[in-house]
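Heads up: the structure comes next, in structure tokens.
The values are calculated or read from the model by the stated rules, or taken from the named source; none is laboratory data. For clarity, every value in this text was computed on a predicted model and none was experimentally measured. Note that each Cβ is placed from the backbone with ideal geometry, even for glycine, and that neighbours are counted across all protein chains shown. Just the protein is used for accessible areas: all its heavy atoms, side chains included, with ligands, DNA and RNA removed. Shrake-Rupley method; radii C 1.70, N 1.55, O 1.52, S 1.80 Å.
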Amino acid sequence: MRVIVIGFNGTIGSAVVDALEPRPEIVRVAHDDGDFVLDLAEPEQIRAMYREVGPVDAVVCAAGVARFGPLLELSDEDYAFSLRNKLMGQINLVRIGIETGGVREGGS
């Protein structure tokens, strides 16, 4: 079994890796480190990751960047940035994984 853990080096991601090891082969992915470096806001980088890594059985995402602050102090660009990274990044991980065969049939 092969599992991609995106954000493997953060608090949640490292706990996921610790919980999974040593059974599955873990592909470590992060914005600045790991087996593959990935910016979740860039769909082409997600496609490249699946091409380079090859098929996996599961994807765990414990990553994504968002801007936080008081509701009325955040700009439209702050909200758009957060949606592109957190929301669309995670949606694209699944969508592109299925479209490209990067996530094996029956995978999660």
Counting only residues in region 21-38 that are outside any strand (DSSP E or B) and open to solvent by 50 Å² or more (accessible area, probe 1.4 Å), the one modelled with the highest pLDDT is identified as D35
From A41, A66, A48, A80, which residue is more than 22 Å from V17 (Cα to Cα), modelled with pLDDT under 90 and open to solvent by less than 80 Å² (accessible area, probe 1.4 Å)? A66
Residues satisfying the stated conditions in region 54-63, i.e. touching a Phe, Trp or Tyr at 6+ places or on another chain (Cβ under 9 Å), modelled with pLDDT under 95 and open to solvent by less than 30 Å² (accessible area, probe 1.4 Å): A63
What are the residues in region 1-29 that are among the small types (G, A, S) and either in contact with a Pro (Cβ under 8 Å, 6 or more places away or on another chain) or within 13 Å of G89 (Cα to Cα) (or both), if any? G7
Selection from region 46-99 of residues in a loop (DSSP other than H, G, I, E, B) and touching a strand residue (DSSP E or B) at 6+ places or on another chain (Cβ under 6 Å) yields D57, A63
State the number of residues belonging to region 1-14 that are farther than 18 Å from L40 by Cβ and modelled with pLDDT of 95 or more. 0
Condition broken by D18, with the remaining ones in (1) open to solvent by 90 Å² or more (accessible area, probe 1.4 Å); (2) in contact (Cβ under 8 Å) with a residue 12 or more places away in the chain satisfied: (2)
